[in-house]
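Student: Take a look at this one; I'll ask things after.
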Amino acid sequence: MQYISTRNTKQTFAFKDVFLNGLAADGGLYIPEKIPSYSLKELESLKELSYEQLAVKIIFNFCSDEFNEIEIKDLVNKSYKEFRVKNVVNIKRLENIILLELFHGPTLAFKDIAMQVIGNMYEKILSDNKKVINIVVATSGDTGAAAISALKGRKNINIFVLHPHKKISKVQRKLMTTFEENNVYNLAIEGNFDDCQKLVKSMFIDRSFNNEINMSGVNSINWARIIAQIVYFFFSYFKINNGSQKINFSVPTGNFGDVFAGYIAKKMGLPINKLIVATNKNDILKRVISTGVYKPKEVFQTISPSMDIQVASNFERLIFYISSNNDQATLNKMEELRKNNEFKLSHEQLSHLKKDFVSESLTEEETKSIIKKIYKNYNIFIDPHTAVGLGVLDKLSNDEINIILSTAHPGKFPEVIKEVTGKYPELPAKTKKVIDEKEKFDILPNDLNTIKKFIKEKAK
Ligand SMILES: *Cc1c(COP(=O)(O)O)cnc(C)c1O
């Protein structure tokens, strides 16, 4: 399979370039030249597979030029052997509520599912390569930990994680900053997540810096993350589908990565009805889906910090598809955004978008009341991101089947859970230990040159 950029469909790229570069040189995002798709009969043959078997089949479609099927199998098995449940994910039913729990990996959020695969892909791709790669990534709280867990101690790789200083939960921070491996660097930036993401983007498009340190990225625009995330849409759909009702997915959304993976699953032939984009008070995606106007505003700090984002990086990929795969139309919208700090979708683009997506947002109070209600009714804790995914359904009140992506373990957000329910959630035994361990991070100003200098000194 070859890849193209959302801003230029003429030039093609191999999976390896897509994987190592993250962002295309023209500033666009990589997408497959053609999305593979399954017939209903082929879907039938995937239904009984275990999670790992299904992951091998799906991932292989997208990178068969780089890895053979045996290598993918090995990679997938290695990636998921530390997960705490047998099938990587767990489906929990509470009467008519269906939670797809994606947080049973080492750092307690769904990001582990893709990041562990990425870690093993790096190892494989770099194994005959003497060059050192420097990974630079921004995190709104969970990506950083997942990336560090997947890459710590690996040969020929350094990892630099930028997180917004004092804007993530303590457990989120501890899960990133307590590693001792000397290829791990945590940078607490005096700014918000959008600032961190902007710094990383600036370093990526600075070709000379980029080449000098041999930079690579694992943020949510990395295509390999998307492909690993497609798997659980298929897996859970097969488990829930009884053939009679429409199935929607409600996805707590920040950078539009996870829900975009659902969109690709739909394009691959999985008969998903609607993808529900669930947002917190940072509701840029709800606004664009209802009005067609994409306009970043100030970022609010909320109790669901991994969604405190106003510039949803992966949205550019969707623009491409709702513009009938037109690179120039995509480029025009991105240019409009750069010049005016907003763009407006055409009537046609918007109606295209509305075929597959609906969106709602939740206030902080509403999110808390959902956490409280679930605790009261079922005696279980859900984390604030999951609560957003669940809460928006009350507002949309469809009578279809809704699978809610439960994206983080409640133990990652003990303060708010305690405030709302009066009790602290338990952490899995292995992660409990990190809470008392010594932390290592550097606090740096929101200044590109300072950050570059820091990274250049440490990059080897
Ligand atoms: C990253 C994250 C999200 C948002 O996912 P996107 O792919 O950025 O839309 C939601 N919930 C949790 C817990 C996360 O870590």
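Results for (1) in a strand (DSSP E or B); (2) surrounded by fewer than 24 Cβ atoms within 10 Å (Cβ to Cβ); (3) within 12 Å of the ligand (Cβ to nearest atom); (4) of a type in the set (Gly, Ala, Ser), shown as yes or no for each residue.
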| position | (1), (2), (3), (4) |
| --- | --- |
| Lys131 | no, yes, no, no |
| Val136 | yes, no, no, no |
| Ser140 | no, no, yes, yes |
| Gly144 | no, no, yes, yes |
| Ser149 | no, yes, no, yes |
| Arg154 | no, yes, no, no |
| Ile159 | yes, no, no, no |
| Lys167 | no, yes, no, no |
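Student: Would you confirm whether any residue within the range 282-289 is under 20 Å from Pro384 (Cα atoms), touching a helix residue (DSSP H, G or I) at 6+ places or on another chain (Cβ under 8 Å), of a type in the set (A, V, I, L, M) and not in a strand (DSSP E or B)? Give the steps one after another, and end with the answer.
Tutor: Of all residues in the range 282-289, those under 20 Å from Pro384 (Cα atoms) come to 282-286.
Add one more test, that the residue is touching a helix residue (DSSP H, G or I) at 6+ places or on another chain (Cβ under 8 Å), and what stays is 282, 285.
Among the residues that remain, those that are also of a type in the set (A, V, I, L, M) are: 285.
Keeping just the survivors that are not in a strand (DSSP E or B) gives 285.
Yes, there is a match, as at least one residue in the range 282-289 is under 20 Å from Pro384 (Cα atoms), touching a helix residue (DSSP H, G or I) at 6+ places or on another chain (Cβ under 8 Å), of a type in the set (A, V, I, L, M) and not in a strand (DSSP E or B).
Student: Among the candidates Asn21, Asn90, Asn68, single out the residue that is polar (S, T, N, Q) and in contact with a Ser or Thr (Cβ under 8 Å, 6 or more places away or on another chain). Can you show your working first?
Tutor: Values: Asn90 fails: in contact with a Ser or Thr (Cβ under 8 Å, 6 or more places away or on another chain); Asn68 fails: in contact with a Ser or Thr (Cβ under 8 Å, 6 or more places away or on another chain).
On inspection, the qualifying residue turns out to be Asn21.
Student: Which residue, of Glu348, Glu335, Glu298, is out of contact with any Ser or Thr (no Cβ under 7 Å at 6 or more places or on another chain), in a loop (DSSP other than H, G, I, E, B), open to solvent by 30 Å² or more (accessible area, probe 1.4 Å) and over 22 Å from Ala109 (Cβ atoms)?
Tutor: On the way: Glu348 fails: in a loop (DSSP other than H, G, I, E, B); Glu335 fails: in a loop (DSSP other than H, G, I, E, B).
Being out of contact with any Ser or Thr (no Cβ under 7 Å at 6 or more places or on another chain), in a loop (DSSP other than H, G, I, E, B), open to solvent by 30 Å² or more (accessible area, probe 1.4 Å) and over 22 Å from Ala109 (Cβ atoms) holds for just one of Glu348, Glu335, Glu298, which is Glu298.
Student: Related question: Determine whether the range 390-402 contains at least one residue that is within 18 Å of the chain's Cα centre (by Cα), of a type in the set (Val, Ile, Thr) and within 24 Å of Ser140 (Cβ to Cβ).
Tutor: No, every residue in the range 390-402 fails to be within 18 Å of the chain's Cα centre (by Cα), of a type in the set (Val, Ile, Thr) and within 24 Å of Ser140 (Cβ to Cβ).
Student: Something else: Can you list the helices (runs of 4 or more DSSP H) lying wholly within the range 368-452 that have 2 or more residues being more than 16 Å from the ligand (Cβ to nearest atom), touching a strand residue (DSSP E or B) at 6+ places or on another chain (Cβ under 7 Å) and at pLDDT 95 or above? Working first, answer last.
Tutor: Details: elements: 384-396, 414-421, 429-432.
Filter on the range 368-452 gives 384-396.
Student: Moving on. Take the residues in the range 50-71 that are within 30 Å of Ala429 (Cα to Cα) and free of Cβ contacts under 8 Å to residues at least 24 places away in the same chain; name whichever of them is surrounded by the most Cβ atoms within 10 Å (Cβ to Cβ). Explain how you work it out, then say what you get.
Tutor: Here is the first cut: in the range 50-71, the residues within 30 Å of Ala429 (Cα to Cα) are 50-56.
Among the residues that remain, those that are also free of Cβ contacts under 8 Å to residues at least 24 places away in the same chain are: 53, 56.
On the way: Gln53: 14, Val56: 21.
Within the range 50-71, the match that is surrounded by the most Cβ atoms within 10 Å (Cβ to Cβ) is Val56.
Student: Contact list please: Cβ distance under 7 Å, first residue in the range 8-37 and farther than 20 Å from Ala261 by Cα, second residue open to solvent by 60 Å² or more (accessible area, probe 1.4 Å) and assigned to a helix (DSSP H, G or I), pairs at least six apart or on different chains.
Tutor: Gly27/Ile205
Each row is one residue, and each column tells you yes or no for (1) free of Cβ contacts under 8 Å to residues at least 60 places away in the same chain; (2) loosely packed, with under 14 Cβ neighbours inside 10 Å.
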position: Glu360; (1), (2): no, no
position: Ile371; (1), (2): yes, no
position: Ile382; (1), (2): no, no
position: Ala387; (1), (2): no, no
position: His409; (1), (2): no, no
position: Gly422; (1), (2): yes, yes
position: Lys433; (1), (2): yes, yes
position: Glu457; (1), (2): yes, yes
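The values are calculated or read from the model by the stated rules, or taken from the named source; none is laboratory data. What you see is a predicted model; the values in this text were computed from it and never measured. Counting neighbours? That spans all protein chains shown, and the Cβs are built from the backbone with ideal geometry, glycine included. Heavy atoms of the whole protein, side chains included, go into the accessibility calculation; ligands, DNA and RNA do not. Shrake-Rupley method; radii C 1.70, N 1.55, O 1.52, S 1.80 Å.
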